[in-house]
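Shown next, in structure tokens, is the structure this report addresses.
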Amino acid sequence: MSTPDPLTLFLVAAPGLEPALIAEAKAHGFGPLKPISGGVECTGDWPDVWRANLMLRTATRVLVRIGEFRAFHLAQLDKRARKFPWGDVLRADQPIRVEVSTNRKSKIYHAGAATQRIERAITETLGAPVSPDAKIALKVRIDDNLCTFSVDSSGESLHKRGHKVALNKAPMRETLAAAFLYQAGYRGEEPVLDPMCGSGTFVIEAAEIARALPPGRTRDFAFEHLATFDAEAWAQMRVDWAARDVTDGIVFRGSDRDAGAITMATDNAERAGVADLTAFHHAAISDLERPDGPPGLIIVNPPYGERIGNKKALFGLYAAMGAAFRERFAGWRVGIVTTDAALARATELPLLPPGPPVPHGGLKVRLFLTKPLP
């Protein structure tokens, strides 16, 4: 049995977005960083766990490895689980839920039976109750007879920033939007425009990045209910960050043909604290105008056809969108998130090779990007 020191952190990301997460985590001083399918591994201490949850925009959750041991049968799992130092991390007064994954490479391959043994060991040795609705999730992976224990320090997915209430149909998660902004080379120093902004996710994320606002600043986390939590140190961490001034004249803009979406986006920007940096207006693609100021990034998540509307009818929309960009946005880069390369090509924009496919709402989407338009 062992408990690693320093801690091993696994920063979870949607498959395909590991490079964006590495770039962001490196910028925030995490390391060394090791990409693994579905996330990035690094080391740190408990304050690093808190900081990762508070600061990282492209991670969906932060798992912390708290120990491991080998077990070749259920009786051995039960015995060793009863000797595990659960109290080092878990609290007796906080409910937990145990989630086990295993496979046929291990002699213990029945996840349900393993879950029951671990739950019983924790309740009878630590005294913590078990509940399917518990904020604390203990994730157990049994692979080749090695039982690895990790605690989910995040709780709710990190895309839930805590200040976005209004959603339109087929919304893009904030973590995914932030990752696509990183893929597009955005680092908070240029204007961003989304001409199909929906509830404003791209625009708000861009404005928050420009102002260096921690994405987790208005929500709570599962780690606040662990034995390792220091409320005073956490409170100090939350006030130590300082929002930076945004370059004069940069405004983050969104438009949409749905007036209700504009209302939602405006309300969400107000709650996020970036209303002064954002501007939303009701307009169709055909009415799109180039804003005053320096060129920047247009990023858009248009309809794909699989989920909203008829794909055949979308080719005209993509063609009109591309024409508007080519005619009015010289010097701007364009990023288009879509499932279909043919739709992206219908824009007739000078597209670079697309990014990797990324799961989104049961589909696989990619970012199609251009260099600055001539």
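Here are a few things to note about the model shown:
- Glu232/Asp258 FRET efficiency (R0 51 Å; Cβ-Cβ; nearest 0.05): 0.65
- Partners for Lys160 among lysines (Cα-Cα distance below 25 Å; same-chain residues under 8 apart left out): Lys26, Lys135, Lys139, Lys169, Lys364
- Inter-site label distance for Lys105 and Ala330 at 7 Å from Cα along Cβ, in nm: 5.7
- Result for the chain in a Gaussian network model with C-alpha springs under 10 Å: among Ile336, Ile285, Ile22, the largest mean-square fluctuation is at Ile285.
- Membrane-span-like helices in the chain, defined here as complete DSSP H runs extending at least 18 Å along the helix axis by their C-alpha atoms with mean Kyte-Doolittle hydropathy no lower than -1.0, are 111-125, 259-272, 311-328; this is a sequence and geometry rule, not a statement about a membrane.
- Each residue was assigned an accessible area with a 1.4 Å probe, and for Val251 the value is about 40 Å².
- Fraction of antiparallel bridges per DSSP, the chain only, in percent to nearest 5: 65
- For segment 216-374, diffusion coefficient by Stokes-Einstein and Kirkwood Rh (Cα), 25 °C, 0.890 mPa s, µm²/s: 132
- Counting only the Cα atoms, the chain fills a convex hull of 143 Å³ per residue.
- Think of a 1.4 Å ball rolled over the protein heavy atoms: the chain then has 43 Å² of accessible area per residue.
- Compared with the direct C-alpha span, the chain from Leu74 to Lys34 gains 11.1 nm at full extension, assuming 0.36 nm per residue.
- Long-range HN-HN contacts of Ser106 with modeled amide H, under 5 Å: Asp144, Asn145
- Förster radius 51 Å - calculated FRET efficiency between Asp240 and Arg345, Cβ distance, rounded to 0.05: 0.60
- Estimated FRET transfer efficiency when R0 is 22 angstrom, pair Ala113-Glu156 (beta carbons, to 0.05): 0.15
The values are calculated or read from the model by the stated rules, or taken from the named source; none is laboratory data. The shown structure was predicted, so the numbers you read here are calculated from the model rather than taken from an experiment. In this analysis, Cβ positions are derived from the backbone assuming ideal geometry, glycine residues included, and neighbour counts consider all displayed protein chains. Please note that ligands, DNA and RNA were not included when accessible areas were found on the heavy atoms of the full protein model with its side chains. Shrake-Rupley method; radii C 1.70, N 1.55, O 1.52, S 1.80 Å.
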